[in-house]
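J.: To start, I am sharing the structure in question, which I have written as C-alpha cells.
Taken together, the values in this text are just the output of simple stated rules run on the coordinates, not laboratory data. Quick caveat, the model's predicted, so the values are computed rather than measured. A quick note on method: Cβ atoms are made from the backbone with ideal geometry, for glycine too, and the neighbour counts reach across all protein chains shown.
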Amino acid sequence: MTSPEPQSPAPQPPEPESKDRVYRSVPAIAGGVLLLAITGWLGIDAVISGEGRTPWVALAVLLLVVPLVAAFTLRPAVYAGDDRLRIRNPFRLVVVPWGQVASLRSSYSNEVLTESGAKYQLWAVPVSLRARKKAARREMRATAQARREMGRDEGRGSALGMRAGLDGGLGGDSVSEGPARAETDRIMDELRGLQEARHQAESARGEVTVRWAYEVLAPAVAGAVLVLILVVVG
C-alpha cells in the first residue's frame, strides 16, 4: 500500500508591480513632431524630384538629421519608480537606484547628483525661467490678496472674523493651495519626496548603470560620414 504523495502548495499570485511615474516635456514632443514632419517632407521631395546626386545627399542628410531630432525631442523621459530613477537622455540611458541619489538640484537645469559625485541632467524636465517668473507673480498676487482680506477681517467684528476664519475668507483658497510653483519645479519636488522616502529602502540599493544609445548614435554617425563623403567627392 503506497502512501499518498504530498501535494505541492498552491502557487502564490504574483504581487502587483507599481508603475513608474513618467515625466516628459510636451512642448519638446510637439516641436519634435513638427520638425520631423518638415524634414521628412523636404527630404522626400528632394529624393523624388531631385537630379544628379541630390537624392543621395538628401538621403544622407535624412539619415543624419532624423535620429538627432528624435533624440533631443521625442526620446528624453524620466521614469521614477519605487526603487530607482531611470533617466533617458538623448544619447544615454542612466539608471540610478534611490540609495545612490545624493540630491536633486534645480538651477538653470534640473540634475541628479549621485553619492559618487556624478551628475546627470534631466533632459525631460527642462527648467523654464519664464514659468518660474509667472509662478512668482501669482504667488505675490495671492499673498497680497490674502493680506488685504486679513486686514478687512480684522476691521470687522469678532464674530465676522471668526466666521471668516472658519470659511477661509475670500483669500483662503489661495493660501490653502500652498505656494505657486512652476510645473517642472513641482516635478522636482515630487522626485525629492520619493527620494527621501525610498533612500534607505533595501530594494533601492545597487550600482548606477549607464548605457549609450547606439540606436541613435549609429545612424547619425553613418549619415554624417555619407554627407562628408558626398561633399568631398562632389
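J.: Sorted from largest down, give the three principal axis spans of the alpha carbons of region 25-87, whole angstrom values.
T.: 56, 18, 11
J.: Next question. At what distance in nm do the modelled label points of residue 221 and residue 30 sit from each other, each positioned 7 Å from its Cα along Cα→Cβ?
T.: It works out to 3.6 nm between the two label points.
J.: Show me, for region 189-205, the HN-Hα J-couplings you get by feeding each phi into the Karplus relation (A = 6.51, B = -1.76, C = 1.60, θ = phi - 60°), rounded to Hz, glycine and proline as x.
T.: Each residue's phi maps through the Karplus curve to give 5, 5, 5, 5, x, 5, 5, 5, 6, 10, 4, 9, 5, 5, 6, 9, 9 Hz.
J.: Continuing with the same structure: Give the calculated FRET efficiency between residue 48 and residue 230 to the nearest 0.05, with a Förster radius of 25 Å applied to their Cβ-Cβ distance. Walk me through the numbers on the way to the answer.
T.: Values: r = 18 Å, r/R0 = 0.73.
Once rounded, the FRET efficiency stands at 0.85.
J.: Would any residue of region 203-229 have its amide N under 18 Å from a label point 7 Å out along Cα→Cβ of residue 20? List them or say none.
T.: 203-216
J.: Mind listing the phi-derived Karplus ³J(HN,Hα) values for region 119-128, rounded to whole Hz, using 6.51, -1.76 and 1.60 with θ = phi - 60°, and x for any glycine or proline?
T.: 10, 10, 7, 9, 5, 6, 10, x, 7, 10
J.: Going 7 Å from the Cα of residue 214 in the Cα-to-Cβ direction, what parts of region 91-130 have a backbone nitrogen less than 20 Å from that spot?
T.: Inside the label zone: 91-95.
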